[in-house]
Amino acid sequence: ENWARLEKDILAEANALWQPCIDCLRNGERPPEYTLLSPLNHRASVSPKVAKDYVLRLKKLAVNNWVPEQPPRPALGYVGFKEVAGESAIEFDVFLDESLANGKLFPVDQSKWLFSHSGMRVPTQELFEETYQQEIMQNNLIKNSKFGRY
């Protein structure tokens, strides 16, 4: 019952704002923001067809205990092509396999730079806790607000 109402409301929002969004874009103005379709606000306008697809994906997620059908692809810097392409792939990815086969992508040994690049390091639990305590709680939240004070 709630799904039917939610779907009806989402489609009504898409129908109501689709043309005004297109008109705003034509006039060089900022389009109105969606409410029920706010996860799609990165789009300039949401057509009724896209809204219907959004509702179906929401239903699939709900049925699947809010776990996506397919996990995000692992970072190639961590796993390399061997784990995602070729016959021995653990998490086979069609796009990467085809791109390797037709020469659009090719392996490059980056081990000399990879682990010295801070963005490619996996932080330890200690680092997470230290960052949270010092940077978020002490330096930002407590220092710049009255959070936790009476």
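Just so you know, all these numbers are worked out from the coordinates, no wet-lab data involved. In this text, all values refer to a predicted model and were calculated from it rather than measured experimentally. Here the Cβ is made from the backbone with ideal geometry for all residues, glycine too, and neighbour counts use every protein chain on show.
See the values below:
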{"read-out": "Protection-proxy order for peptides 93-101, 125-133, 63-71, each taking the mean of Cβ atoms within 10 Å per residue, highest first", "value": "93-101, 125-133, 63-71"}
{"read-out": "For segment 1-62: span of alpha carbons on each principal axis (Å, largest first)", "value": "39, 17, 17"}
{"read-out": "Vicinal HN-Hα couplings computed from phi for segment 10-19 (Karplus, 6.51 cos²θ - 1.76 cosθ + 1.60; Hz; Gly/Pro x)", "value": "5, 5, 5, 5, 4, 5, 6, 9, 4, 5"}
{"read-out": "Phi to ³J(HN,Hα) by Karplus 6.51 cos²θ - 1.76 cosθ + 1.60 over segment 104-109, Hz, x for Gly, Pro", "value": "6, 10, 8, x, 10, 6"}
{"read-out": "Peptide ranges 80-87, 38-45 listed from the most packed, as the mean C-beta count within 10 angstrom indicates", "value": "80-87, 38-45"}
{"read-out": "In order through segment 83-96: 3J(HN,Hα) via Karplus (6.51 cos²θ - 1.76 cosθ + 1.60), integer Hz, x for Gly, Pro", "value": "7, 10, 9, x, 5, 8, 4, 7, 10, 4, 10, 4, 4, 5"}
